[in-house]
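A.B. asks: Below you'll find the structure I mean.
The values are calculated or read from the model by the stated rules, or taken from the named source; none is laboratory data. Being a predicted model, the structure only gives us computed values, none of them experimental. For neighbour counting, all protein chains shown are included, and Cβ atoms are generated from backbone atoms with ideal geometry for every residue, glycine included.
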Amino acid sequence: METQYIAKALIILSMVATAPAEAWVAAKAMEAIGRNPEAGDSIFPKMIVAMAICESTAIYALVAFFII
C-alpha cells in the first residue's frame, strides 16, 4: 500500500516538472529567434514539436496516476 503512495508522488513530481521544461523550451526558442530572426521560420515548428513532447510526458503521467 505504501509503495502505491510513493509511485503516485513520483508521478506527481513528473507532472509538475513538465511545466518548467515547457517554459524553458519556449524561452530558449524565443531567445534563438531574437538572436537570428531569419531562422524563426525554422525554429518555431521545432519548438512546437518539443513542447508537444514535453506535454505528452505530463499526459502519460496523468494516465499512469489514475491507473495505479
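A.B. asks: Out of A58, A17, A39, A29, which single residue is touching a residue at least 24 places away in the same chain (Cβ under 8 Å) and in contact with a helix residue (DSSP H, G or I) (Cβ under 9 Å, 6 or more places away or on another chain)?
C.D. replies: Numbers: A17 fails: touching a residue at least 24 places away in the same chain (Cβ under 8 Å); A39 fails: touching a residue at least 24 places away in the same chain (Cβ under 8 Å); A29 fails: touching a residue at least 24 places away in the same chain (Cβ under 8 Å).
Only one candidate passes the filter, namely A58.
A.B. asks: Kindly indicate whether A32 is modelled with pLDDT of 95 or more and surrounded by 15 or more Cβ atoms within 10 Å (Cβ to Cβ). Break it down into steps so the answer makes sense when it comes.
C.D. replies: On the way: modelled with pLDDT of 95 or more: yes; surrounded by 15 or more Cβ atoms within 10 Å (Cβ to Cβ): yes.
Against the criterion (modelled with pLDDT of 95 or more and surrounded by 15 or more Cβ atoms within 10 Å (Cβ to Cβ)), A32 qualifies.
A.B. asks: Restricting attention to the range 35-68, report how many residues are loosely packed, with under 14 Cβ neighbours inside 10 Å, assigned to a helix (DSSP H, G or I) and not aromatic (F, W, Y).
C.D. replies: Counting residues in the range 35-68 that are loosely packed, with under 14 Cβ neighbours inside 10 Å, assigned to a helix (DSSP H, G or I) and not aromatic (F, W, Y) gives 16.
A.B. asks: Can you report the number of residues in the range 1-35 which are under 25 Å from I67 (Cα atoms) and small (G, A, S)?
C.D. replies: Summing the residues that are under 25 Å from I67 (Cα atoms) and small (G, A, S) in the range 1-35 gives 6.
A.B. asks: Is it the case that the range 5-16 has a residue that's basic (K, R), surrounded by 13 or more Cβ atoms within 10 Å (Cβ to Cβ) and either under 9 Å from the mean Cα position of the chain (by Cα) or in a helix (DSSP H, G or I) (or both)? Give the derivation first.
C.D. replies: First, the residues of the range 5-16 that are basic (K, R): 8.
Going one step further and asking which of them are surrounded by 13 or more Cβ atoms within 10 Å (Cβ to Cβ), we end up with 8.
Right, trim to either under 9 Å from the mean Cα position of the chain (by Cα) or in a helix (DSSP H, G or I) (or both) and you get 8.
Looking for residues that are basic (K, R), surrounded by 13 or more Cβ atoms within 10 Å (Cβ to Cβ) and either under 9 Å from the mean Cα position of the chain (by Cα) or in a helix (DSSP H, G or I) (or both), one finds at least one in the range 5-16, hence yes.
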